[in-house]
Amino acid sequence: MPPDSVPAELPLPDLHSNPPSVVALFLAFAKMSLSGFGGVLVFARRAIVDEHRWMTAEEFNETFALCHFLPGPNVVNLSLVFGSRFRGIVGGLAAFAGLVGPPMLLVTGLAAIYSHFGQVEALRRGLVGVSCAAIGLLASAVIRMMAPLLKKRDVLGFVVTAAVFAAIGLWRLPLPAVLLVAIPISLAVTYAKTRWTS
């Protein structure tokens, strides 16, 4: 296989006739949450897209984009939207419980330990190292989520992405104001491309 070629994605299983069970949703999101040191997004994408093949990369990006515009933490929103998609409200609650429950118990225990040993210098240096690893995990998730844009060679998508990054990350503009401008532009660009290609 040439080095620049991209292997075709395996076909997704028919989830409409055999959706994941409520228990499977709970266990999958519990595993994500307990693996997700530095953030769950990386592990959520890996489990949903690569491991279980419950969504394509594009579907995951679209669902996660929707969750950005809902109030609350993005990955928590993703668990509710994703679980509800397959098992209704019960599935959403199961995915949410799996995502939030186990880490809450773990963090409560760690908080009790930290209250006694939090001033130890070695521990503080270790936490700095963990934050560096978290940044690396987030960067890897961003790169993998850009794969559908790379496959499509979506230049306009890259322009919008770069503009939003510059507005929020470099110029420090408020997120709501940037989204109020970026969302209509993104929708208009997507609509125009769809009309032009059809």
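None of the figures in this text is laboratory data; all of them are computed from the coordinates on show. Here the structure is a predicted model, which means the values were calculated and not measured. Reconstructed Cβ throughout: ideal geometry from the backbone, glycine too, with neighbour counts over all protein chains shown.
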Toy charge model, Lys and Arg Cβ at +1, Asp and Glu Cβ at -1: the chain dipole around Cα centroid in debye, rounded to 20, equals 220 debye
For the pair Glu51 and Lys152, the simple spin-label estimate (label points 7 Å beyond Cα toward Cβ) gives in nm 2.7 nm
Among Ala147, Ala122, Ala44, the residue with the largest mean-square fluctuation in a Gaussian network model of the chain built from Cα contacts under 10 Å is Ala122
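With the cut-off at 1.5 for a/c, could you classify region 117-163 from its C-alpha gyration tensor as rounded, prolate or oblate? If you can, show how the numbers build up before the last one.
Numbers: a/c = 7.48, a/b = 3.80, b/c = 1.97.
Prolate, because a/c is 1.5 or more and a/b exceeds b/c.
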Note to self, the chain gives a 222 nm [θ] from helices alone (DSSP H runs n ≥ 4, -39500 (n - 2.57) apiece, / all residues, nearest 500) of -24000 deg cm²/dmol
Sequence order, region 134-148: Karplus ³J(HN,Hα) from phi using 6.51 cos²θ - 1.76 cosθ + 1.60, θ = phi - 60°, Hz rounded, Gly and Pro as x, gives 5, 5, x, 4, 5, 4, 5, 5, 4, 5, 5, 6, 7, 4, x
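Remind me, what semi-axes does region 154-198 give for its equivalent ellipsoid, largest first in whole Å, using sqrt of 5 times each Cα gyration tensor eigenvalue?
Details: eigenvalues 109, 26, 3 Å².
Gyration-tensor ellipsoid for region 154-198: 23, 11, 4 Å.
Would you mind working out the magnitude of the charge dipole of region 87-198 relative to its Cα centre, with +1 at each Lys and Arg C-beta and -1 at each Asp and Glu C-beta, to the nearest 20 Debye? Display every interim value, and only then the final one.
On the way: 10 positive and 2 negative charges, 87 e Å.
My answer is approximately 420 debye.
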The chain, Gaussian network, Cα under 10 Å: of Pro176, Pro19, Pro148, the residue fluctuating most is Pro176
Candidates Leu149, Leu66, Leu179; GNM for the chain (alpha-carbon contacts under 10 Å) flags as most fluctuating Leu179
Nearest 10, in degrees from 0 to 90: the angle of helix 155-165 to the longest Cα principal axis of the chain is 40 degrees
For region 63-198 the translational diffusion coefficient, Stokes-Einstein from a Kirkwood Rh over Cα pairs at 37 °C and viscosity 0.692 mPa s, in µm²/s, is roughly 178 µm²/s
Two pseudo-spin positions, 7 Å from Cα along C-beta at Ser115 and at Thr63, lie apart in nanometres by 3.7 nm
